[in-house]
Structures are given as C-alpha cells and as structure tokens.
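Just so you know, all these numbers are worked out from the coordinates, no wet-lab data involved. In this text the structure is predicted, and so the values were computed from the model without any measurement. Here the Cβ is made from the backbone with ideal geometry for all residues, glycine too, and neighbour counts use every protein chain on show.
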C-alpha cells in the first residue's frame with residue numbers, strides 16, 4: 001500500500017497568507033491611481049484576483065503530480081525549447097521593450113517562464129551527470145543552455161537574467177563544482193553583466209548614479225568621455241534615482257508600526273510602480289518595520305522549508321529541483337527588497353506573490369506547487 005503523503009502545512013500556509021496579503025496590498029497601492037486612470041479603484045485588484053483564481057488551482061495540480069514524473073528529457077528539453085521560442089516571438093511581437101506577448105486585454109512575459117524551465121533543466125541534467133559534474137561533457141552543454149537563455153532574457157530584463165544565473169550558480173556549487181570553474185564562471189558572469197549594463201544607456205545611468213553619482217571615479221577612468229556620452233542617450237525619468245529616493249521616503253515614513261492600511265501617501269503619484277516593483281515600500285509605509293519584517297520572514301520560511309526538502313529528499317533530481325526553485329524565489333525576493341531599500345541599483349523586478357502581475361504569479365505558484373510536492377515526499 002502506498003504511503004499517504006502529508007502536506008507541508010507550514011509552507012502551504014505561508015504561501016496562501018502571502019498571496020492573500022499581496023492581493024490586499026495591490027488594492028491599497030493602486031486604488032487611487034486606478035480610480036483616476038482606469039475609472040475603477042478595483043481595476044488592478046480584481047485582475048490580480050482573477051490570476052489568483054487561476055494560479056492556486058495550478059499550484060494544487062503541481063502539488064499532486066509526483067515530481068519524479070518531471071524527471072524526463074521530454075520535460076527538461078521541451079520546457080527550455082518552448083521558452084526560447086517564446087523569447088524569440090516576444091522580441092518581434094514587442095519591438096520596443098521585448099517583454100510582452102499581448103493576449104487579449106492582458107499579456108504574458110516569457111522571461112518569467114524561463115525561471116522554472118531552467119530549474120527543471122538543471123535538476124534533470126545535473127542529476128543525470130552528478131558523478132561527472134566537473135567534466136567538460138557536463139559543463140559545456142549546461143553552460144551553453146544557460147548562456148542561450150540568459151542572453152535571450154537579458155535583452156529586455158537584466159534582473160531576471162541575474163536571478164537565472166544566481167540560481168544556476170547555487171545549484172552547481174552544491175552539486176560539487178570545482179573552485180577553478182566557480183572562479184571562471186564568476187569572471188564570465190561579471191563581464192557579461194558589465195556588457196549588459198553598458199549596452200543599455202538607462203542601465204548605465206542607474207549603476208553610475210548609484211555607485212558614483214558625482215562622476216569622480218568615472219572621469220578618472222574614462223578620460224575620453226565615452227561613459228558620459230552613452231549615458232546622455234537616456235533621458236527618461238526612470239533613469240534617475242527618483243524611484244529609490246521615493247521608496248526610502250515611504251519606508252522611512254512608516255516608522256515602527258506604519259501609518260495604517262490605505263493611509264500611505266507615497267503611492268499617490270510619488271512612488272513609481274507602487275503596485276508592482278516597489279510594493280515593498282508601500283508595505284513599509286503602511287505597516288512599518290514590523291510589517292516589512294514580517295513579509296521578509298515569510299520568504300525566510302520558504303527558504304527554510306525549501307532547504308529542508310532539499311536535504312531530506314533521497315534522490316538527486318528532487319534535491320536539485322527543490323534547491324533551484326527555492327533559490328530562484330528567494331534571490332528574486334531579496335533583490336526586490338534590496339532595490340527598494342537602496343542597497344543595490346534600481347532594477348525593475350517583481351516581489352513574488354506580492355507584486356501585481358499574472359505571469360509572475362502563475363510561475364511562482366506553479367513552482368511552489370512543485371516545491372510542496374518535493375517537501376511532502378521528503379517527509
């Protein structure tokens with residue numbers, strides 16, 4: 001008789017609470033703006049609830065499907081192939097931003113789907129080659145796949161590309177990658193990141209404005225003025241530190257306990273993307289240090305349960321799958337929070353389960369459904 005699996009209620013309850021809290025914060029962050037621009041204060045909140053109604057059943061479905069059924073070349077390679085096709089389509093379908101494939105009134109963001117696809121591929125491939133992880137026959141195809149998907153994503157979304165590379169790095173290190181390869185990969189990643197920043201003027205502005213706002217170092221290094229000339233090609237408001245400054249004001253205004261739900265002021269046309277990328281600042285203003293710390297603890301719980309599942313699961317595929325999904329979500333969450341708190345240069349990236357966005361919510365809850373399944377098998 002098959003053993004009945006026990007739901008990881010700690011992880012499950014944390015996910016549900018965070019999704020519901022996210023819906024509440026989206027309404028609080030967007031109601032006034034939505035009323036003025038869209039004619040209904042519930043515009044974004046209702047759309048998020050629709051996505052929740054789709055994403056929760058998807059999570060429960062992935063929770064019930066034995067994760068070992070995903071350990072096939074068909075799943076690993078087909079998911080990566082489909083993501084690459086979607087990324088190619090979005091490049092031409094959205095020639096300006098290369099981000100969205102419009103479907104009716106909404107849209108899909110292919111770069112979001114690259115995250116679970118890469119986690120599945122890495123888990124399958126590394127489990128298959130775990131005894132020869134440092135062989136060139138393992139590293140070359142793995143780095144080739146990672147390089148292709150990262151280059152396709154970084155065209156429009158550097159933040160997601162960083163999440164992908166960070167996830168792959170953690171999985172490979174845990175799998176036993178030798179230090180010399182870790183150093184080589186680190187150098188290549190740093191060079192690639194610098195190239196991606198230099199290629200887009202608005203990225204360059206953000207990094208320089210954060211690292212060297214008075215150009216003291218830049219002028220010494222770049223005597224020919226190439227960096228300044230490149231930065232002048234970007235003249236939009238989103239290329240300044242305005243977003244970070246407003247986010248800091250919001251967090252600082254919250255104090256220990258916050259100004260109260262719906263009472264925040266920075267979301268009223270001061271804080272850009274209040275219901276998406278900077279929603280953590282709204283949480284800080286309205287619920288204070290206690291509220292923002294509570295949300296941080298939610299992601300720490302996910303980290304704890306994910307690492308626990310990876311340690312207790314008996315097979316390599318389950319271990320690397322749990323590790324990849326957990327790393328992917330936690331890196332993204334901490335990255336978003338760090339941007340809001342001014343700890344890293346400004347970069348648009350959603351806060352999982354909290355920010356408005358259908359593609360992000362679908363991907364996050366589907367991935368967490370798989371993590372729940374692994375956790376249940378881990379005991």
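Using r as the Cβ-Cβ distance of residue 135 and residue 65, and R0 as 30 Å, what FRET efficiency do you calculate, to the nearest 0.05? With a Förster radius of 30 Å, E is 0.40. A simple spin-label model places the labels of residue 270 and residue 214 2.7 nm from each other, with each point 7 Å out along Cα-to-Cβ. For the chain, the normalised intensity computed at q = 0.09, 0.12 Å⁻¹ comes to -0.54, -0.97 (log10 of I(q)/I(0), Debye sum over alpha carbons, equal scatterers, no solvent). Kirkwood-type hydrodynamic radius, region 155-291: 17.7 Å, calculated from all non-identical alpha-carbon pairs. As a calculated quantity, the FRET efficiency between residue 50 and residue 223 at R0 = 56 Å, using C-beta atoms, amounts to about 0.50.
Once the piece of chain linking residue 304 and residue 257 is laid out straight, how much longer is it, given 0.36 nm per residue of separation minus the C-alpha distance between them? Result: 14.3 nm gained on full extension. Given their separation in residues at 0.36 nm each and the Cα-Cα distance between them, residue 188 and residue 38 gain 49.5 nm when the chain is fully extended.
Counting neighbouring Cβ atoms within 10 Å and putting the fewest first, the residues 13, 375 line up as 13, 375.
Residue separation of residue 290 and residue 97 scaled by 0.36 nm, minus their Cα-Cα distance, works out to 65.8 nm of gained length. Put in line by how crowded their Cβ is, counting other Cβ atoms within 10 Å and starting with the fewest, 328, 211, 231 read 211, 231, 328.
Go ahead and collect, in residue order, the members of region 273-315 whose backbone nitrogen is under 14 Å from a label point 7 Å along the Cα-Cβ direction of residue 13. Counting backbone N atoms under 14 Å from the label point, the list is 298, 301-302. Structure remark: mean-square fluctuation, Gaussian network model of the chain, C-alpha springs under 10 Å; the largest value among 69, 200, 347 belongs to 69. So if R0 is 41 Å, what FRET efficiency would residue 343 and residue 74 give, r being the distance between their Cβ atoms, rounded to the nearest 0.05? Here the calculated transfer efficiency is 0.50. Semi-axes of the equivalent ellipsoid for region 74-199, computed as √(5λ) from the eigenvalues of its C-alpha gyration tensor and ordered from largest down, come to 27, 18, 10 Å.
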